[in-house]
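The values are calculated or read from the model by the stated rules, or taken from the named source; none is laboratory data. None of these values were measured; they are calculated from a predicted model. Cβ placement follows ideal geometry from the backbone for every residue including glycine, while neighbour counts extend to all protein chains displayed. With ligands, DNA and RNA removed, areas are computed over all heavy atoms of the protein, side chains included. Shrake-Rupley method; radii C 1.70, N 1.55, O 1.52, S 1.80 Å.
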Amino acid sequence: NTDPGQCFASGVSLGTPVASDNCGVTGITNDAPPQFPMGMTVVTWTATDTSGNSATCSQHVTVIDAEPPSITCPANIVVSADPSGCNKSNVTYAVTASDNCAVAALVSTPPSGSTFGEGSTVVSCVTRDTSGNTNTCSFTVTVQAPPIITFQPTNQTRNANAPVTFSVEAAGTQPLSYQWRSNGTNLVDDLRIGGSATATLRISDVLARDAGTYSVVVSNSFGSVTSTGAVLTVIGT
């Protein structure tokens, strides 16, 4: 194996060759380098006798890179959604990788620059070196979305003592809270009014004094938005 953090092997034990001669062997040498690079290196051994005759043989030394690359992910990312939306576009981040020999690939899913939806998304990152060793890391991208109203309450006309319902639809990071208002005053549930803190306001039997403009404030941890006003017209007394 390669030395830790290096793309070569040092201190390799080559063993001892055996040589013989009819008169006598005076020496055995080799051309081994002090450091063996990754891959195969041919070492040539030479034996010399007392008359200066020599013979050679070859030894293959193969160095393997078994050390995985290192990879570093950024800390978890928290961003606010794009205006008037629940997604965040072009979220960029940097993932780094290094290896004792060479990094062949570094892939993040989703990639940097992607659009992320509301909530938390796990970004998975993997790196591979030229020897096929791999390593991974991950982090999260959390998109925080203030509420937006996707369907506004509509004007209503009702006879006195008839029921009426106002509804709103909203999107954004959950949970969402609602507060209905009549002519700018917060409503509270009573015997006739229900749902003043929900997406649907109900009045069981409207009276002349209920006529006016109704709106709702939608809130979450990241902001609030007020709907357009819906006019309630009451016919009769």
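Of note:
- Answer from Pro17, Pro74 - the residue that is modelled with pLDDT under 95 and either farther than 30 Å from Gly117 by Cβ or open to solvent by less than 40 Å² (accessible area, probe 1.4 Å) (or both): Pro17
- Residues of segment 94-140 that are aliphatic (A, V, I, L, M) and either open to solvent by 50 Å² or more (accessible area, probe 1.4 Å) or touching a Pro at 6+ places or on another chain (Cβ under 8 Å) (or both): Ala94, Val95, Ala97, Val103, Ala104, Leu106, Val107, Val122, Val123, Val126.
- Test: Asn1 is assigned to a strand (DSSP E or B), within 30 Å of Cys125 (Cα to Cα) and open to solvent by 60 Å² or more (accessible area, probe 1.4 Å): no
- Hits in segment 202-218 (condition: within 46 Å of the chain's Cα centre (by Cα) and either touching a residue at least 40 places away in the same chain (Cβ under 8 Å) or over 13 Å from Val164 (Cβ atoms) (or both)): Thr213, Tyr214, Ser215, Val216, Val217, Val218
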